[in-house]
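Visitor: Here it is, the structure in full.
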Amino acid sequence: MSGVLDEEQEFTDTAYSLLDSHRDHLTTRMNNLAHSPSTGTGQDDLEREAHADNLRSQLRSVEAAKNRLYFGRIDSDDQDVHRIGRIGLRTQSGDMALIDWRAPNAAPFYQATTANRMNTALRRRISIKPIDGKQIVTHVDDEILTEPGEGSYQAAKDSVTTPRDGRMADILATIATDQDLIIRSPLNQITVVQGGPGTGKTVVALHRAAWLLYTFREKLAKDAILVVGPSAAFLRYIDQVLPSLGETDIVLLTPGQLYPGVNATIDDTFEVSGVKGGARMAQVLTNAVSHWSNIPDTPVSITTEGGTKLRISRSQLRDCVKSLSTRSTYHSNREVFLKRVLDYLANNLASDQGHEQLDHEARSDLIIDFIDDQNVRRVLNLMWMPTTPQKVLTKLFANPNFLQQVSCDLLTSHEQALLFREKESPWTVDDVALLDECAELLGEWVRPLSATRETHSGYRELDAGEMRYSNRGGGSAHTSTVAERAHLDREWVYGHIVVDEAQELSEMAWRAIQRRAVRKSMTIVGDLQQSSHPAGARDWNETLSWAGEKMALFTLNVTYRITEETVQSAIEQLVKSGGNPPELVSIRSGSPTIHQSLSENEVVDFLTTTMSGKAGRACAIIPDSLLSHWQEQFQAQSADLGFGPAAIDSRIAVLSAKNTKGLEFDVVFVVNPDEIGCQGVRGSDIFVACTRATHQLYLLEVTAD
């Protein structure tokens, strides 16, 4: 074995030397570009910025690749050796030294089996650890594919024994065959992965994002990839994974961040979420926007600041309305309506002054005078005021009469009452999809610049006084990355979208996602058994009916993370809470679940003592009703306990079941499981809580002192 280790250590040293040389080369090119003279033309500046963006992206990938740069090797039947790593590297003579894991010729490392060897005789996984500032090969695992064996499951079994460090485990070397086939599936489809806890859904989703960017870079680099995760804690958990896979320009958002400028973290009650998340709200909002204008059904007279009398008849106002399109947005129709009104005002004034017909220039001059007149602006704005999604939604929830007017045939009186709240209330996670829906209905309105007769082209948008409306077409051309520009732009159409824990998206949230997925290129992963949102997914074909023939459904049933004992306990708790047992197969056994009763004043000592001397991380998953109480009572008692989005950085995270979705811990303490079992839908929360453990599960009954 020492000879094998020496051989792999020699190559590892070579690979890191090549990585250093590549980084130096990129840095030199960056410096040369920065000091090269510019022609001063706009085109030259754009090309230089694009070149600099590309070099910066390559440098970020090089930095991200430093951790376990080299991890795998395959030997062919012809005795050719191919080494697999995080990024591709060539020798100074141009020979391929390290193959990028996403490249087609790296696929046998993941997909070859004894039944289908893909011309592969040996697969070797290399373990490397930093020791005294140097990357040292500590272990190799050889799999002879010409002989029957455990295959790809064994690598996954070995990987889960590694203690958690608060970030997603390093899994590049342990992707299973069935997972890799999903990762490398076609771009132009909606890939749906249904899988229970621990089956590697998130692994598949993130690696697929990286593989797609590598394989279809020309298509996707200019449009970016969006990854939607269930919580801030989850995004923090995976924040180092994508860079380590060789990708950095990916947008990471929670459902509460889909609308630019809003970061909602507050959840509504179960009943309120059910109403807000339901598809009926789309029509409620459509009605609300259509009721926002206030066009009189009587003639209108206006006296300008200079004393001129203006008029428009009832029939003329109706004619202005008839010219509008039901397919246009609120602000587009506002522009058309006001233009028609101003034309009528100008023509009527000319008629009243004895002029038969105005030429184009004369009419334009009159319209500019009208727009500059405060009295005219006030009257016309009152007819059709520009507005924002925030204003519409605030009025809808704070004004019961308005809500009843626009939803009487859609929501019951009880449901309307559930939606009421004060004007100053903060946005909730379910509000974000409603804001996005409103924005789509309203269209964009940009506060106009002042105009002069020299710049006027016949019509200028009315200024709405003190109105402020931010331009969500966001994204300066000088922003450093495509991902940053995409993040600022509500109307950005992504090249590909990944949705994790997709069963938690409401019907309204899916509408927001669809608007960003016009190309229908998506990776959707989730577990219907874990769905806890009242308006969440219950059936993928029903939820994704808009995907049509583009949908490709894959199922993962083998759990690599969870032991047989934990699976059994989780299913028992699920059935006890009214859920249906899923088909879930564990490939390893472990310690039995431990049941314990404690008083509240014993909790902190029990948690810290249990974890004392143990490697890895733990999580105390508690009922929603105890979160604020525990934080007040226990946060100051032990530095080991962590709360909130940064909880996973602590030795023992304290989280709700909902905020642990997608996460994993060595040890999990489920507090008051019966109470958690009553949360969510059909025991989904307790199933999630129990299945976060990779090594040991505790079920604790904690009583108040």
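The values are calculated or read from the model by the stated rules, or taken from the named source; none is laboratory data. Source: prediction; values computed, not measured. FYI the Cβ positions are ideal-geometry reconstructions off the backbone, even for glycines, and counts take in every protein chain you see.
Visitor: State which residue is farthest from the chain's Cα centre (by Cα) when the search covers only the range 212-233 and only residues that are in a loop (DSSP other than H, G, I, E, B) and surrounded by 18 or more Cβ atoms within 10 Å (Cβ to Cβ).
Guide: Selected residue: Ala224.
Visitor: Would you point out which residue out of Asp53, Asp45 is loosely packed, with under 15 Cβ neighbours inside 10 Å, modelled with pLDDT under 85 and acidic (Asp, Glu)?
Guide: Going through Asp53, Asp45 in turn, just one is loosely packed, with under 15 Cβ neighbours inside 10 Å, modelled with pLDDT under 85 and acidic (Asp, Glu): Asp45.
Visitor: Do you know which residues across the range 93-132 are basic (Lys, Arg) and either part of a strand (DSSP E or B) or in contact with a helix residue (DSSP H, G or I) (Cβ under 6 Å, 6 or more places away or on another chain) (or both)?
Guide: Arg102, Arg123, Arg124, Arg125, Lys129
Visitor: State yes or no: is Ala205 in contact with a Lys or Arg (Cβ under 8 Å, 6 or more places away or on another chain), modelled with pLDDT of 60 or more, not hydroxyl-bearing (Ser, Thr, Tyr) and not in a loop (DSSP other than H, G, I, E, B)?
Guide: Judged against the criteria, Ala205 is not a match.
Visitor: Restricting to the range 385-428, and then to whatever is touching a Phe, Trp or Tyr at 6+ places or on another chain (Cβ under 8 Å), hydrophobic (A, V, I, L, M, F, W, C) and at pLDDT 95 or above, can you tell me which residue is surrounded by the fewest Cβ atoms within 10 Å (Cβ to Cβ)?
Guide: Phe420
Visitor: Enumerate the pairs (first residue in the range 283-303 and in contact (Cβ under 8 Å) with a residue 60 or more places away in the chain and within 21 Å of Met508 (Cα to Cα); second residue anywhere and of a type outside the set (Gly, Ala, Ser) and not in a helix (DSSP H, G or I)) with beta-carbon separation below 6 Å, excluding pairs fewer than 6 apart on the same chain, so at least 6 apart or on different chains.
Guide: Gln283/Leu410; Val284/Leu410
Visitor: Please name all residue pairs, on different chains or six or more residues apart, with Cβ atoms under 6 Å, provided the first residue is in the range 220-238 and is over 14 Å from Val498 (Cα atoms) and at pLDDT below 85 and the second residue is of a type outside the set (Val, Ile, Thr) and part of a helix (DSSP H, G or I).
Guide: Final answer for the pair search is Ala233/Asn659.
Visitor: Determine, yes or no, whether Glu437 is closer than 24 Å to Ser325 by Cα and charged (D, E, K, R). Outline the logic, then answer.
Guide: Numbers: closer than 24 Å to Ser325 by Cα: yes; charged (D, E, K, R): yes.
Answer is yes for this residue.
Visitor: Exactly one condition in (1) among the aliphatic types (A, V, I, L, M); (2) more than 29 Å from the chain's Cα centre (by Cα); (3) buried (at least 16 other Cβ atoms within 10 Å of the Cβ); (4) modelled with pLDDT of 90 or more is not met by Met118; state its number.
Guide: (3)
Visitor: Let me ask something else. Here is a list: Gly166, Gly151, Gly198. Which entry is at pLDDT below 85, on the phi > 0 side of the Ramachandran plot and under 26 Å from the mean Cα position of the chain (by Cα)?
Guide: Gly166
Visitor: Could you grab the pairs with beta carbons closer than 8 Å, sequence gap of 6+ or different chains, first residue in the range 360-374 and surrounded by fewer than 16 Cβ atoms within 10 Å (Cβ to Cβ), second one acidic (Asp, Glu)?
Guide: Filtered contacts from the range 360-374: Gln374/Glu305.
Visitor: Determine which single condition Val668 fails, assuming it passes every other condition in (1) within 24 Å of Leu528 (Cα to Cα); (2) surrounded by fewer than 23 Cβ atoms within 10 Å (Cβ to Cβ); (3) more than 25 Å from the chain's Cα centre (by Cα).
Guide: Failed condition: (2).
Visitor: Continuing with this model, one more query. Pairs, please: C-beta under 7 Å, at least 6 apart or cross-chain, first residue hydroxyl-bearing (Ser, Thr, Tyr) and in the range 529-558, second part of a helix (DSSP H, G or I)?
Guide: Ser531/Gln503; Ser531/Glu504; Ser531/Ser684; Ser532/Glu504; Ser532/Lys658; Ser532/Ser684; Ser532/Asp685; Thr543/Trp510
Visitor: Restricted to the range 383-429, and to residues that are within 30 Å of the chain's Cα centre (by Cα) and among the small types (Gly, Ala, Ser), which residue is nearest to Val341 (Cα to Cα)?
Guide: Ala398
Visitor: Among the hydrophobic types (A, V, I, L, M, F, W, C), at pLDDT 95 or above, within 25 Å of Asn119 (Cα to Cα) and touching a Leu at 6+ places or on another chain (Cβ under 6 Å), is that true of Leu98?
Guide: Yes, satisfied.
Visitor: Next question, about the same structure. Might you check whether a residue that is among the acidic types (Asp, Glu), buried (at least 21 other Cβ atoms within 10 Å of the Cβ) and part of a helix (DSSP H, G or I) occurs anywhere in the range 675-684? Step through it out loud before you land on a result.
Guide: Residues of the range 675-684 among the acidic types (Asp, Glu): 675.
Cutting the leftovers down to buried (at least 21 other Cβ atoms within 10 Å of the Cβ) gives us none.
The answer is no, given that none of the residues of the range 675-684 is among the acidic types (Asp, Glu), buried (at least 21 other Cβ atoms within 10 Å of the Cβ) and part of a helix (DSSP H, G or I).
Visitor: Is it fair to say Glu63 is surrounded by fewer than 14 Cβ atoms within 10 Å (Cβ to Cβ), part of a helix (DSSP H, G or I), among the acidic types (Asp, Glu) and at pLDDT 85 or above? Reasoning before the result, please.
Guide: On the way: surrounded by fewer than 14 Cβ atoms within 10 Å (Cβ to Cβ): yes; part of a helix (DSSP H, G or I): yes; among the acidic types (Asp, Glu): yes; at pLDDT 85 or above: yes.
Judged against the criteria, Glu63 is a match.
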